[in-house]
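Here the structure is laid out as structure tokens; the discussion comes afterwards.
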Amino acid sequence: MSWLTDFVRPRIQALVGKKDVPENLWRRCPSCDQMLFHRELSENFYVCHHCDHQMRISATQRLEMLFDDGEYERVEIPKKAIDPLKFRDTKKYSDRLREAQTKSNELEAIVVATGLLGGLPVVIAAFDFDFMGGSMGQAVGEGLTISANIANEKKAALITIPASGGARMQEGMLSLIQMPRTVIAVEQVRESGLPYIVLLTNPTTGGVTASFAMLGDIHIAEPGALVGFAGRRVIEDTIREELPEDFQRAERMLEHGLIDMVVARRELRDTLIRIISLLIKKTPDDIEKKNFSSKLNEEAEKNFSDIANEDKTIIG
Amino acid sequence: MRHFLEFEKTIADLESKIEELRHLSDGDGISIAEEVGKLQNQVNKQLKQTYERLTPWQRVQVARHPNRPHSSDYIKNLITDFTPLAGDRAYAEDRAIIAGIGRFRGWSTIIIGHEKGVDTDGRIVHNFGMARPEGYRKAQRVMELADRFQLPIITFIDTPGAYPGAGAEERGQAESIAETIRSCMSVRVPFISVVIGEGGSGGAIALAAANTVLMLEHSVYSVISPEGCASILWRDSDKSLAAAEALKITASDLLGFSIIDRIIYEPLGGAHRDTKKITSIVGDALDEELYELRKLDGDTLKKHRREKFLNMGRANLI
Ligand SMILES: [Zn+2]
């Protein structure tokens, strides 16, 4: 703990007042209340260096953190989720959707992208919790099935990164059927012999946990991530007991055998690369090959051998 | 003792009058047949009027009616040689889901259903139809058995939802539901589900990812209970009625979205007024649907089931 972090920052905060802290310069840690310098925060993968709190990040921040050189190609998912039920509670669902779109600059609660991870082709489907609590409706379910299809097509590993309160109630049963839909999608990836990895982030609950998110070949969770089916309050009301602080937290779920490992953000990329590599580069020869099994590379190799053959005919 | 719902007051009054008359006639032998007949006609008229235009919230009440036939009633009336199977082979026997093997119209069949229980003791034994992970894991095991011996699967759906308990969470409630859906999607046998009462969220769809999904006229099938939805979205649990409307949980709504395949119409005044009749109607519907599915081979059945769900609702996306 340095003089700078402990003393100067709170003072600056006091000086300029809470609301005047420029968004792009400082950010308050929601867990320990310390003011954090934005640039440092981004270098530290949005983890508070005072209390290790894993800050909520957007789907695109996830993608930048994971893909090689932060480069990836976004996959278009259905542009618009219409409002099939014409749902209205205290507000119209269509208005809620529009607000979420304006606020997040995303069309839906999921972003699908392809790219390389340690030189290996991967498809990542990442949730945006800020978009209506990352809830899974038709468009999100479709995003997941599309990501699975692309993984199959490109012979790529599939990584899903849920952050979700569960099904999107405003789409009624059309959201519940996304459970079987996404189960089929990831099952098809597994049947193709491709790795399917789930990175559980805070929070992953309800119908999202009870479908594609619990069917990974490997389950990784971020430290402290809440992973469960029913909500804490519902459980407390049912059993009439107060639940311990760490209930449904990643570390406890690890003890209960539901996830393979809890991995800090800083280690995530290397961990994913190592796991995928172990699952697909099966021989010492495979390790030597660069850009293993990437479609582009296969084509390049094919062209190369065509040229070599031509050369032979000329010489021969 | 018959249980009347809040909107059945007129019917309850008429039926108690009939009871009184019958009681009187016991004593002095006066013929009251004509009077009883008249009253019975009025009851039938009232039942028809009321049940023809039940609101979604009223249907929720009917779907949860304590006298509504449960999985065990369908098994009793439709399955011979029923042989219950117990346990997940790992931790426990969960009676919220009953499963077994028996003959449906001569055909050896696997039966799985949520069971709510009839009286107070039964409800506790069956945990009100709210299954724990062990119940879902038993269902997986029995589905695998069906697959190995090429036996069709019939499931009866009737649950408020999966049990929200601390132990259930820690033993992997979410994982058990996800794996059960995967089992549904993997079996190479005819698979039919009937929503007989309450189709409550993930705990229901875990057993209902079938080739053909039938739904009783007054059953409901929903992503969340209207009460739960009201307290989350309206922040007011008194808005259950509005939530029940908005969520589109009735059989006709869901047929419209192609989420279910067929509505099974109930006897006058609802399934709870005639267990014998509704179970036989359901039996006939199952027989017809199984006849169609038996024409397909195992791989086609599996493929059909997956494609059906993958295509569901896609037309709504732009
Ligand atoms: Zn902190």
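Where a number appears in this text, it was derived from the coordinates with a stated rule and is not lab data. Quick caveat: nothing in here was measured; it's all calculated off a predicted structure. Because the Cβ atoms are built from the backbone with ideal geometry, glycine has one as well, and the counts that use them run over all protein chains shown.
Straight Cα distances below 16 angstrom link B:LYS295 to the aspartates and glutamates B:ASP287, with same-chain residues fewer than 8 positions distant left out.
Label positions at B:ARG262 and B:ALA315, each projected 7 Å from the Cα along the C-beta direction, are separated by 2.0 nm. Annotation: average projected area of the protein assembly as shown is 37.5 square nanometres, based on the convex hull of Cα atoms across all directions. Pairs exceeding 28 Å between alpha-carbon atoms, taken from B:LYS116/B:LYS248; B:LYS9/B:LYS276; A:LYS282/B:LYS302; B:LYS38/B:LYS276; A:LYS86/B:LYS302: A:LYS282/B:LYS302; A:LYS86/B:LYS302. In order along the range A:259-264, the phi-based Karplus estimate (6.51 cos²θ - 1.76 cosθ + 1.60, θ = phi - 60°) of 3J(HN,Hα) comes to 9, 7, 6, 9, 10, 5 Hz; Gly and Pro are listed as x. Across the range A:113-123, rounded Karplus estimates of 3J(HN,Hα) from the backbone phi angles (6.51 cos²θ - 1.76 cosθ + 1.60, θ = phi - 60°) give 8, 10, x, 10, 10, x, x, 9, x, 9, 10 Hz, Gly and Pro being marked x.
Across the range B:159-220, the relative contact order, built from alpha-carbon pairs under 8 Å that are at least six residues apart, equals 42 percent.
Run the helix sum for the protein assembly as shown: -39,500 (n - 2.57) per DSSP H stretch of 4+ residues, divided by residue count, reported at 222 nm to the nearest 500 deg cm²/dmol. Before the final figure, lay out each step's value.
Numbers: 27 runs with 282 residues, N = 634.
Value at 222 nm, helices only: -13000 deg cm²/dmol.
Each of A:GLU106 and B:THR10 was given a label point 7 Å from its Cα along the Cα-to-Cβ line. The distance between the two points is 5.3 nm.
From the Cα gyration tensor of the range B:196-310, with a ≥ b ≥ c the square roots of its eigenvalues, which class applies: rounded if a/c is under 1.5, or else prolate if a/b is larger than b/c, or else oblate? Numbers along the way, then the final one.
Numbers: a/c = 2.85, a/b = 1.43, b/c = 2.00.
The shape class here is oblate.
Three semi-axes describe the equivalent ellipsoid of the range A:57-288; taken as square roots of 5 times the Cα gyration tensor eigenvalues and ordered largest first, they are 28, 22, 15 Å.
Under the definition of Cα pairs under 8 Å and six or more residues apart, what whole-number percent is the relative contact order of the range A:159-283? The normalised contact order for the range A:159-283 reaches 23 percent.
Going by amide H atoms built from the backbone, whose H comes under 5 Å of the H on B:PHE82, apart from near neighbours? Placed amide hydrogens put B:ARG103 under 5 Å from B:PHE82.
At a Cβ-Cβ separation cutoff of 4.7 angstrom, cysteine residues of the protein assembly as shown with no neighbouring cysteine are B:CYS184, B:CYS229.
Taking amide H atoms as placed 1.01 Å from N in the peptide plane, the amide H of B:ILE264 lies under 5 Å from those of B:MET215, B:LEU216, B:GLU217, each 5 or more residues away in sequence or on another chain.
Relative contact order, whole percent, for chain B stands at 16, derived from Cα pairs under 8 Å and 6 or more residues apart. What percent antiparallel are the DSSP beta bridges of the protein assembly as shown, to the nearest 5? Antiparallel: roughly 45 percent of the beta bridges in the protein assembly as shown. Can you grab the distance from the C-alpha centre of the range A:164-180 to the C-alpha centre of the range B:208-279, Å, no decimals? Here the two parts' Cα centres lie 16 Å apart.
Between the DSSP loop rule and a limit of at most 15 other Cβ atoms within 10 Å, which GluC sites (Glu not before Pro) in the range B:27-115 are left?
Values: sites: B:GLU34, B:GLU35, B:GLU52, B:GLU93, B:GLU115; in loops: B:GLU93, B:GLU115.
Here the GluC sites (Glu not before Pro) that fit, given the DSSP loop and packing criteria, are B:GLU93.
Working note: Karplus 6.51/-1.76/1.60 with θ = phi - 60° gives the range B:172-177 the couplings x, 4, 5, 4, 5, 5 Hz, where Gly and Pro are set to x.
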